[in-house]
Every structure is written in C-alpha cells, then in structure tokens.
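J.: The structure's right below; bear with me while I get my questions together.
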Amino acid sequence: MRIVIIQGHPDRAGHFCHALAEAYAAGARDNGHEVRLVAAAELDLPFLRSQQEWEHGQALPAVGEVQHSLAWAEHWLVVTPVWLGDMPAMLKGFLEQVLRPGFAFTYPKAGLPKPKLGGRSARIVATVGMPAVIFRWWFGSGGISVLARNILGFVGLSPVRTTLIGTMGEMPPARASAWLARLAALGRRGD
C-alpha cells in the first residue's frame, strides 16, 4: 500500500506527534508499505486571504509536490495536536493550500462540488490535553470531526477513522510506549 503521512504539528521536531508518526512509518515500512512523509511545518506556505486566491491563485511549487504525494497515496495518516479544540492554524492553512479546487474537487455547473480524491482512506491521530473520552463525548471531538467529515470526507476520502490520544501532559512513559506500539501496529496494517 502507498501511504502518505501528514505531520501536522507546527513545531518541526521534538513532540509526541513526531514520535507517533515515526512509529507508524516504521511499522508500515516493516510490512512492505511505501511511505512518504509530508511535514507541514517545513513548508513555508502563506495563508490564503480570499476565495479568489484559493480558487484561482497560483499555487507554489511546494504545493504541487505535496499534491503529487497525496494523489499517489492510497491511504493518508494525519497526525495533529488539538489546540483550542481544533487543529493548529498552520495545518488548516496547509490543507487550504493543497486541497484546492481542481485538484481535490471540482465545481460542476449545477449541484454540489464533486470530490476528486475518492478511492483513498485516512486516519487522523490527534493528541489532546484533556481525557480523550471527554473531548469525544462532551465536546463532540471539536475540529477533529470537522477535519474528518468536512475536509477529508469532502474531497472523497473514505473511510476516515480517528484515533484520539488524551491527557498528553500527564502521560506516563509506559502509556506513551503503548501508544507508539499501537501506531506501529496500525502502520503495519496500513490503517
């Protein structure tokens, strides 16, 4: 299977999100999957400031390279922290740059937009400071459910599964190791 890992943490290294992505990639490669990593923090992409710019603006060369990897992949893994109930602004801006009309979906003359990235699946792995059960049930998974349904689902990815990892600030080493092993297992399965 061809897998693209989108590392959505705004810092370039040193966080648990990075370790999770690395564990998943190692597991995937160990089982013969092809893996490409896209680190959103390493791309210097400006925020789009108008609908005109999003729909008709000239995409930077780095955007085209990322789009090539996204189109190549059969499965996407998006790893992100949750900040203020949502993905960080940098990841949202990255997605706006790469999931543009024409690449990710088209506008028909009438009716709803048509997704262009069908036939692919995705998993979102999100880290959150509070217990995951509270984030999921009380807060409805906030912006992570929006990422799954209104962004990845909108462009055609299905199924989109979500893994929430809670109480990040209080995680003992044994629990962190268990999560890394779980991500490696998901990578081996290409899920």
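J.: Restricting the search to the range 154-179, which residues are surrounded by 17 or more Cβ atoms within 10 Å (Cβ to Cβ) and in a helix (DSSP H, G or I)?
T.: Met168, Trp179
J.: Then there's this: Between a residue in the range 173-191 that is within 15 Å of Cys17 (Cα to Cα) and any residue that is charged (D, E, K, R) and assigned to a helix (DSSP H, G or I), which pairs come within a Cβ distance under 8 Å, given they are 6 or more apart or on different chains?
T.: Ala184/Asp30; Gly187/Arg29; Gly187/Asp30
J.: Looking only at residues in the range 76-99 that are aliphatic (A, V, I, L, M) and in a loop (DSSP other than H, G, I, E, B), which one is farthest from the chain's Cα centre (by Cα)? Let's see the steps before the verdict.
T.: Let us first name the residues in the range 76-99 that are aliphatic (A, V, I, L, M), namely 77-79, 82, 84, 87, 89-91, 95, 98-99.
With the extra rule that they be in a loop (DSSP other than H, G, I, E, B), the set shrinks to 82, 84, 87, 99.
Values: Val82: 12, Leu84: 17, Met87: 9, Leu99: 12 Å.
Among those residues, the one meeting the criterion is Leu84.
J.: Related question: Condition first: at negative phi and either basic (Lys, Arg) or loosely packed, with under 15 Cβ neighbours inside 10 Å (or both). Now tell me which residues in the range 26-50 satisfy that.
T.: Of the range 26-50, the ones at negative phi are 26-31, 33-50.
If the condition is that a residue be at negative phi and either basic (Lys, Arg) or loosely packed, with under 15 Cβ neighbours inside 10 Å (or both), then Arg29, Asp30, Asn31, Glu34, Arg36, Glu42, Asp44, Pro46, Phe47, Arg49, Ser50 are the ones that fit.
J.: Here's something else I'd like to know. Evaluate the range 141-152: report whether one residue or more is more than 20 Å from Leu77 (Cβ to Cβ) and not in a strand (DSSP E or B).
T.: The answer is no, given that none of the residues of the range 141-152 is more than 20 Å from Leu77 (Cβ to Cβ) and not in a strand (DSSP E or B).
J.: Yes or no: Arg189 modelled with pLDDT of 95 or more, loosely packed, with under 15 Cβ neighbours inside 10 Å and among the charged types (D, E, K, R)?
T.: Spelling it out, Arg189 is indeed modelled with pLDDT of 95 or more, loosely packed, with under 15 Cβ neighbours inside 10 Å and among the charged types (D, E, K, R).
J.: Asp86 fails exactly one of the following numbered conditions: (1) touching a Lys or Arg at 6+ places or on another chain (Cβ under 9 Å); (2) at pLDDT below 95; (3) farther than 19 Å from Ala148 by Cα. What is the number of that condition?
T.: (3)
J.: Next up: Regarding the range 51-64, can at least one residue be identified that is surrounded by fewer than 17 Cβ atoms within 10 Å (Cβ to Cβ), in contact (Cβ under 8 Å) with a residue 24 or more places away in the chain and either touching an Asp or Glu at 6+ places or on another chain (Cβ under 8 Å) or under 22 Å from Gly143 (Cβ atoms) (or both)?
T.: Within the range 51-64, one or more residues are surrounded by fewer than 17 Cβ atoms within 10 Å (Cβ to Cβ), in contact (Cβ under 8 Å) with a residue 24 or more places away in the chain and either touching an Asp or Glu at 6+ places or on another chain (Cβ under 8 Å) or under 22 Å from Gly143 (Cβ atoms) (or both).
J.: Then there is this: Collect the residues in the range 65-85 that are touching a strand residue (DSSP E or B) at 6+ places or on another chain (Cβ under 9 Å) and either among the small types (Gly, Ala, Ser) or buried (at least 18 other Cβ atoms within 10 Å of the Cβ) (or both), keeping them in residue-number order.
T.: The answer is Val66, Ser69, Leu70, Ala73, His75, Trp76, Leu77, Val78, Val79, Thr80, Pro81, Val82.
J.: From (1) assigned to a loop (DSSP other than H, G, I, E, B); (2) modelled with pLDDT under 95, pick out the condition that doesn't hold for Gly32.
T.: (2)
J.: Mind checking whether some residue in the range 52-75 is in a loop (DSSP other than H, G, I, E, B), at pLDDT 95 or above and closer than 19 Å to Gln7 by Cβ? Write out each step before concluding.
T.: Of all residues in the range 52-75, those in a loop (DSSP other than H, G, I, E, B) come to 57-60, 73-74.
Cutting the leftovers down to at pLDDT 95 or above gives us 73-74.
Still in the list and also closer than 19 Å to Gln7 by Cβ: 73-74.
Yes - at least one qualifying residue is present in the range 52-75.
J.: How many residues does the range 127-148 contain that are closer than 25 Å to Ala104 by Cβ and either hydrophobic (A, V, I, L, M, F, W, C) or modelled with pLDDT of 95 or more (or both)?
T.: Residues meeting the conditions: 4.
J.: To continue, here is another question. Could you please find all residues in the range 1-14 being buried (at least 17 other Cβ atoms within 10 Å of the Cβ) and either more than 16 Å from the chain's Cα centre (by Cα) or not in a strand (DSSP E or B) (or both)?
T.: Gly8, His9, Pro10
The values are calculated or read from the model by the stated rules, or taken from the named source; none is laboratory data. None of these values were measured; they are calculated from a predicted model. Cβ: placed from backbone, ideal geometry, glycine included. Neighbour counts: every protein chain shown.
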